Amino acid sequence: FGPRNRLSRFVMDPDTLQIMDETEEILLEGAPTHKFYHNGGAVKFGNDGKLYVTTGDGGGDRLGTSQDLTNLHGVVMRLNDDGTVPDDNPFTTQRGYNGVPCGQTNGQLPSDAPQNAVCSEIFAYGLRNPFRIVMDPTVTNKTHFLINDVGGAVWEDISEGGTDFAGMNYGWPMYEGPCRFGSTTECPLYDANADSSIEEYERFVKPLYYYEHRSEREGGCVSGGAFVPPGVWPAEYKYVYGDFIFQEIYNLVEAPEAECTTCMPPVPAFVNDTLYTSIKEEDQHENFARIVDMFFGPYKDTQALYVFKMGGSDNIWRIRYTGSVNVPPVANIVVEDTRVDVGQIVAFNGSQSYDVDDATLAYQWDFGDGDFSQEANPIHVYESPGQYTVRLSVRDSAGQIQADSVVLMVGTPPTLNITSPPEGAEFFVGEIIVVSGVGFNSTGGALDDMHISWEVRKHHADHWHPFLDQTNGNNLQLSSAPEPEDYLAATNSYLEIIMYATDDTGLTSTAVRNVYPRLVQVCVDSEPQGLEVYVDEYPIVTPKRITSWVNHNLRLRVPSVEGYNFSAWSDSVVAQDRKIRLQPNNNPGLLAAFCTAGNSTCISEAEARASESLLVARCPSEAPSAAPSMVLSSSPSYAPSEEPEEEWPLDEDEVDVFISSDGEPIPDRPHDEELPPVDNENIWGRFDEDGATTAGFPLTVVACILALATFYPLFL
């Protein structure tokens, strides 16, 4: 299990407006997460004075925790402001349930809970990762909000919540968006007349709006949203929301004429119009453009939309309605080098700033050291070493202002070196990695540990999640090395370790080391071949050699197959849904054996063959040539381990697996390869007596330079 969520109450200093850490009062702790993500994270007060808090499924995905009312995963909680449970919550004793608070017992029912007890904090359930809820300020006689619930395989959705949705089930993991999980055609939620769907049609909350992912690799990810205050923007703007992956903000527009509940997939009664496309510097990671939250706040005599991005600087942006056809100017700073010496003349160029209306521009430079200039192309000399933020504001003749900034390093920054983990190191799931390094100032003096800090990012496809926020110190032990987020993530994920060293003048240097997982390859097969097996809840067709990570607890599940009955796995496990702990040893893999329906002797014969190791997965003995192979480290030497490598944690149903061991480490990770079915007619004949086989809006985007902060998403 991963970490747990905690809800705390603090006191703010009225003079500094800073949170006073020593005043923390823990109100609630959630259940341990299955992994390090899908935490939800919204905390909002409703019109009823109650606190609404969302949690995700904790990375459990298809484990069903969001449907289990005995824990606080995948729910909207409703609390009093002191953390106690309101009597009118839907699952309390007052409402006829054996409601028991779970927030003081690790987010789960206490051991002495009565029979059929449920967690009384729960207000609604069946959610995957409700990253944001947005209170509707236009509804005053009750609590009404929208839930931006991050999807899984195919869909993102926005659903209604609040007073009218107490005790409701939003359908995860059986459903996402309008359809069953992973589907665009099985959508009985929208067809009350479909066979066997009446109960589900009435049981689950149907989303207000939903949209499909654009690709399998990155999908989509609904993030922050905001209701537009009446009168602040034109009437057609009522609700706006962002997508973390698409890097855009959309206006949600009512379109009842477009709704089609009988279409496959269904079409909602809303459409989205792109309002804003996020930007980043050319050399920055995609995450610097990814939107995590937004809200309307004060701006002069009106309000503007403040947008929070994930990047480390310039990550708070303001979008305001001007009501004018005048387009604001664009500010651009050009400087030859951002690292200069003390006393060096620095030439700044602002002449590449422009105004599309051809208005004359006025320049205002702030060099960050107390000096200013109103020239277009000024020069400046810094007398002291340090890090300086230089800002240029340009104003057109209509009074519109835009700004740009750049950070200058004056003096010689520290030198540094990461000593652990070493170059080329790899990790296995659950390993405790130690990060350490050395740093020196410009005169060669060693920096003490408080001048060193670390950040770790878990990269997945084209985005990353925070694994360790920037933390001061040295020789730090990280949390247990992660598992792959899902089946596809096993081939496109790694840890990026960043070391920062800062000297007494404020100059900072960074060093980066990527640490990749130790890979294993497993042959997954079935008898007969060509059937579907779910690997970490991702469907594959057998036979297939899949790639995963050493010590990962791999989930394998065989669904019901028409005309066949599952008999046993090749390692004698008879459960259709099982896990195996992946080991760094050789093994041909796993085979799921099926019998023709109605064959009374097949299952016992298959179990006997499995016990005698006669059922063997049939994938080629060599690793797929179409994918790069990896050199696997013989044993991790860069972090402590309580047990020697050969004594791996064991499950009663675990098996050894094949490891690719040729080639050199390269950044591109192996990909799974479809393998052609082998002829199994002779083998299958022993089981099948019949011999059968199976085969333009006037908005202005302004960089808000009043505050800089980093906001980390808890999703994807």
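The values are calculated or read from the model by the stated rules, or taken from the named source; none is laboratory data. The structure displayed is predicted, hence computed values, not measured ones. Glycine also receives a Cβ, built like all others from the backbone with ideal geometry; neighbour counts cover every protein chain displayed. For accessibility, only protein heavy atoms count, side chains too; no ligands or nucleic acids. Shrake-Rupley method; radii C 1.70, N 1.55, O 1.52, S 1.80 Å.
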The residue that is most open to solvent (accessible area, probe 1.4 Å), considering only those in the range 160-176 that are out of contact with any helix residue (DSSP H, G or I) (no Cβ under 8 Å at 6 or more places or on another chain) and part of a strand (DSSP E or B), is 160
Looking at the range 451-459, can you tell me whether even one residue there is over 25 Å from the mean Cα position of the chain (by Cα) and either within 22 Å of residue 425 (Cα to Cα) or open to solvent by 10 Å² or more (accessible area, probe 1.4 Å) (or both)?
yes
Checklist entry - Can we say residue 514 is open to solvent by 10 Å² or more (accessible area, probe 1.4 Å) and either in contact with a helix residue (DSSP H, G or I) (Cβ under 8 Å, 6 or more places away or on another chain) or modelled with pLDDT under 95 (or both)? => result no
By my count, strands (runs of 3 or more DSSP E) wholly in the range 359-454 with at least 2 residues that are among the small types (Gly, Ala, Ser) and out of contact with any Lys or Arg (no Cβ under 8 Å at 6 or more places or on another chain) are 386-395, 434-440
Exercise for review: For residue 279, indicate whether it is open to solvent by less than 50 Å² (accessible area, probe 1.4 Å) and aliphatic (A, V, I, L, M).
Suggested key: no
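Taking residue 272 as the residue in question, decide whether it is in a helix (DSSP H, G or I) and either out of contact with any Asp or Glu (no Cβ under 8 Å at 6 or more places or on another chain) or under 26 Å from residue 405 (Cβ atoms) (or both). Give the steps one after another, and end with the answer.
Values: in a helix (DSSP H, G or I): no; either out of contact with any Asp or Glu (no Cβ under 8 Å at 6 or more places or on another chain) or under 26 Å from residue 405 (Cβ atoms) (or both): yes.
For residue 272, the condition - in a helix (DSSP H, G or I) and either out of contact with any Asp or Glu (no Cβ under 8 Å at 6 or more places or on another chain) or under 26 Å from residue 405 (Cβ atoms) (or both) - is not met.
Name the residue, out of 295, 288, 246, that is modelled with pLDDT of 95 or more and not aliphatic (A, V, I, L, M).
Details: 288 fails: modelled with pLDDT of 95 or more; 246 fails: modelled with pLDDT of 95 or more.
One residue alone meets the criteria, 295.
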(Q) Suppose the filter is at pLDDT 90 or above, assigned to a loop (DSSP other than H, G, I, E, B) and either surrounded by 21 or more Cβ atoms within 10 Å (Cβ to Cβ) or of a type outside the set (D, E, K, R) (or both); does residue 193 pass it? (A) no
Residue 494 vs (1) touching a Pro at 6+ places or on another chain (Cβ under 9 Å); (2) in a strand (DSSP E or B); (3) open to solvent by less than 40 Å² (accessible area, probe 1.4 Å): all pass except (3)
Residues of the range 30-56 being open to solvent by 40 Å² or more (accessible area, probe 1.4 Å) and outside any loop (DSSP other than H, G, I, E, B), in sequence order, are 43, 44, 45
Of (1) closer than 24 Å to residue 147 by Cβ; (2) open to solvent by 50 Å² or more (accessible area, probe 1.4 Å); (3) in contact with a helix residue (DSSP H, G or I) (Cβ under 8 Å, 6 or more places away or on another chain); (4) not charged (D, E, K, R), residue 247 fails just (2)
Counting only residues in the range 14-42 that are among the hydrophobic types (A, V, I, L, M, F, W, C) and within 18 Å of the chain's Cα centre (by Cα), the one nearest to residue 140 (Cα to Cα) is identified as 42
Among (1) in a strand (DSSP E or B); (2) touching a helix residue (DSSP H, G or I) at 6+ places or on another chain (Cβ under 9 Å), residue 77 falls short only on (2)
Selection from the range 497-511 of residues open to solvent by 30 Å² or more (accessible area, probe 1.4 Å) and either among the aliphatic types (A, V, I, L, M) or assigned to a strand (DSSP E or B) (or both) yields 500, 502, 508, 510
